[in-house]
Amino acid sequence: MRRRSLLIAVPAGLATLAACGDGGSDSSKASESASPSAPDASAAPPPKIVDGPLPAITEGVEFGEKPTVAKGSGDPSEDLAVKTVIAGGGKAIAENDFVVAHYLGQVWSTAKVFDNSYDRKAPLAIQLAQGSIIDGWRYGLTGKKAGSRVQMAVPPAWGYGTQGNEQAGIKGTDTLVFVVDVQDTFNAKSSAEGGEAAQDNVDLPKVGTNTDGKAPSIEVPDTKAPTKLASSYIIEGDGEEVGADNSVLVQYKGVLWDGGKEFDSTYERGQLTSFSLQQVVKGWAQGLTGKKVGSRVLIVIPPELGYGDTPPQGSDIKKDSTLVFSVDILAKL
């Protein structure tokens, strides 16, 4: 199983997507690494942001390269030190956005690396929201642009607090140094980007092609549900193909074939979600594998690839239901 950062929390709203009985959720297993996950402590007041001091990046100086960072010299600032090392030209990050980024974190006084995503060969997707991430990231990355490399020195007040992080060897007095390569940023209004695909199969639902961040319409035909999985582009993006073992950041909406009633939606919650294709029902995993990032995909899932006769408790999904999803693949993780 791919090693994941402790930053990953159980995504909201995935109760109706989680595969049943496999016991293999990445988010349920502790990692040996640490990362900017929010500690169990009350929020500190907003920091004063200064431009240093910050230790030198001695190797891996290009965006996307794993950096090597020198040990801090002297005492770190008591304020939050933030520097844009490489300025990107992408979208500006706002608080509560999801960022997709590679990062490395180490202790100021020892240069001990306690976590990095470069070795995992998978960027992290995390929401810059209070309670989801340490405040140093939340304040330090807000306003920066996608494509930027940002370096930060985070004092304990905006890191792990006085309790530190024992698992990672971080003491409650440690200032933490991060190098963050921001690949992209997304929010609740993010949508697929690409060319519209033909929807010429009259036996399949028709999905709206709006890209304004609002939930697309799903019109289910008054016909018998297909007995096999159907997966097709509604909007075809031009990003990388999703592999069967990848994680993805998505917007989605799900309705029942019978009656077209909506039973789950990130649009309704106003929050994106991310998950591994190894954690979800087989229909989702098979339907998204091979599809391109940036796409909107229609997936029609027959019962044997969905929930069969064991639907999630408390949901509107009945036994042997055929499920219909519109899925916007925003990023591959």
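The values are calculated or read from the model by the stated rules, or taken from the named source; none is laboratory data. As the structure is a computational prediction, the values presented were derived from the model and not from experiment. Don't worry about glycine lacking a Cβ; one is built from the backbone with ideal geometry, like all the others, and counts go over all protein chains shown. Surface areas here come from the heavy atoms of the whole protein model, side chains and all, with no ligands, DNA or RNA. Shrake-Rupley method; radii C 1.70, N 1.55, O 1.52, S 1.80 Å.
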Item to check | segment 285-313 - residue that is more than 28 Å from residue 186 (Cα to Cα) and in contact (Cβ under 8 Å) with a residue 40 or more places away in the chain and, of those, surrounded by the most Cβ atoms within 10 Å (Cβ to Cβ) | outcome: 307
Checklist entry - Quick one: in segment 78-90, which of the residues that are in a loop (DSSP other than H, G, I, E, B) and of a type in the set (D, E, K, R) is nearest to the chain's Cα centre (by Cα)? => result 79
Checklist entry - Within the group 261, 332, 282, which residue is out of contact with any Phe, Trp or Tyr (no Cβ under 7 Å at 6 or more places or on another chain) and buried (at least 19 other Cβ atoms within 10 Å of the Cβ)? => result 332
Next on the checklist: Here's a check for you: in segment 264-286, which residue that is among the aliphatic types (A, V, I, L, M) and not in a helix (DSSP H, G or I) is nearest to the chain's Cα centre (by Cα)?
Outcome noted: 272
Checklist entry - Which of the residues spanning segment 241-263 are part of a strand (DSSP E or B), over 15 Å from the mean Cα position of the chain (by Cα) and over 18 Å from residue 320 (Cβ atoms)? => result 241, 253, 262
Item to check | Cross-chain or 6+ apart pairs with Cβ under 6 Å, segment 126-144 first and within 20 Å of residue 50 (Cα to Cα) and among the basic types (Lys, Arg), then part of a strand (DSSP E or B) and open to solvent by less than 10 Å² (accessible area, probe 1.4 Å) | outcome: 144/150
Item to check | In segment 193-212, the residues that are among the aliphatic types (A, V, I, L, M) and either within 8 Å of residue 234 (Cβ to Cβ) or outside any loop (DSSP other than H, G, I, E, B) (or both) | outcome: 197, 207
Checklist outcome for this item: Taking first residues from segment 196-210 that are closer than 12 Å to residue 297 by Cα and open to solvent by 50 Å² or more (accessible area, probe 1.4 Å) and second residues anywhere that are assigned to a loop (DSSP other than H, G, I, E, B) and not aliphatic (A, V, I, L, M), the pairs with Cβ under 9 Å that are 6 or more apart or on different chains are 196/209; 199/205; 199/209; 206/199; 206/217; 206/221
Item to check | Qualifying positions in segment 152-169 - assigned to a strand (DSSP E or B) and surrounded by fewer than 24 Cβ atoms within 10 Å (Cβ to Cβ) | outcome: 165
Checklist entry - Can you name every residue in segment 91-113 that is buried (at least 19 other Cβ atoms within 10 Å of the Cβ) and more than 15 Å from the chain's Cα centre (by Cα)? => result 104, 105, 106, 107, 108
Next on the checklist: So residue 217 ticks every box in (1) touching a residue at least 12 places away in the same chain (Cβ under 8 Å); (2) open to solvent by less than 70 Å² (accessible area, probe 1.4 Å); (3) more than 30 Å from residue 140 (Cβ to Cβ); (4) out of contact with any Ser or Thr (no Cβ under 6 Å at 6 or more places or on another chain) but one. Which box is left unticked?
Outcome noted: (1)
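Given the options 118, 139, name the one that is assigned to a loop (DSSP other than H, G, I, E, B), hydroxyl-bearing (Ser, Thr, Tyr) and either at pLDDT 95 or above or surrounded by fewer than 17 Cβ atoms within 10 Å (Cβ to Cβ) (or both). Break it down into steps so the answer makes sense when it comes.
Values: 139 fails: assigned to a loop (DSSP other than H, G, I, E, B).
After ruling out the rest, the residue left standing is 118.
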